[in-house]
Amino acid sequence: MKCRGVFMSSKCIRDTVNKVKSKYQESDPFRLAAAMHILVQKMPMGNSPTCCKGFCMTESRKTCIVINCDLPEIIQQIILIHEIGHTVLHQKSMQVKCFHDFELFDGVSQCEYEANCFAADYLLEDEDVLEKLNADMSFFQAASELQVPPELLDFKFRMMKRNGVQIVDSPITANSNFLKDIPTEGIIENY
């Protein structure tokens with residue numbers, strides 16, 4: 001999907017998500033990567049709070065995503081869809097800057113922000129989020145029920161609001177680099 005301008009609009013990101021969903025008909029990030037001919041490798045990279053969670057690179061028109069297999073499966077899926085977001089939203093810049101996730105994280109990094117929006121919109125359906133909130137769940141309870149970190153739900157809230165959905169304000173404001181600091185144990189149970 002071609003989007004004009006330096007920064008992608010939420011509409012452009014949502015259109016890209018819908019295009020990928022429509023084309024591949026796949027909700028599981030690992031099966032989606034396989035359908036997109038993206039090589040996914042799981043490598044042990046530790047489970048300390050500062051460990052590398054994953055990264056992607058493209059060379060000779062082939063994309064490889066490396067995921068830290070020491071992380072809980074749910075976090076591996078979130079990291080993978082985030083990296084897939086980079087591959088579809090930032091194809092040109094990946095060829096120049098393939099190891100972006102090893103660089104120092106910038107809390108306002110636009111590429112990271114856009115990949116988080118992609119991941120949140122891909123993994124969470126508007127209807128599912130609204131159903132949890134209409135069941136009188138708190139934001140944190142809804143995140144736990146949806147099996148995502150609250151920060152990812154915050155990005156979904158932002159996408160929904162920008163697309164005209166009337167929804168309460170999120171009680172948190174996640175940074176673009178929240179995946180860098182995400183806990184590596186007890187992720188969903190802690191929220």
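The values are calculated or read from the model by the stated rules, or taken from the named source; none is laboratory data. Owing to the predicted nature of the structure, the values given are computational and were not obtained by experimental measurement. Every residue, glycine as well, gets a Cβ built from its backbone with ideal geometry; the counts of neighbours run over all protein chains shown. When the accessible area is computed, the model is the full protein with side chains, heavy atoms only, and any ligands, DNA or RNA have been set aside. Shrake-Rupley method; radii C 1.70, N 1.55, O 1.52, S 1.80 Å.
Quick look at the values:
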read-out: Solvent-accessible ranking of Met160, Met57, Met36, largest area first, probe 1.4 Å; value: Met57, Met36, Met160
read-out: Residue-level accessible surface for Ser22, protein heavy atoms, 1.4 Å, Å²; value: 80 Å²
read-out: Rounded if a/c under 1.5, otherwise prolate or oblate - the range 15-98, Cα gyration tensor axes; value: oblate
read-out: Segments 38-48, 117-127, 60-70, 75-85 sorted - mean Cβ within 10 Å per residue, highest first; value: 75-85, 117-127, 60-70, 38-48
read-out: Range of Cα positions in the range 110-191 per principal axis (Å), largest first; value: 31, 29, 20
read-out: Over 27 Å (Cα to Cα) - which of Lys19/Lys161; Lys42/Lys132; Lys53/Lys161 fall in this group; value: Lys42/Lys132; Lys53/Lys161
read-out: Carbon/sulfur fraction of accessible area - the range 9-82, other protein chains in place, 1.4 Å, %; value: 53 percent
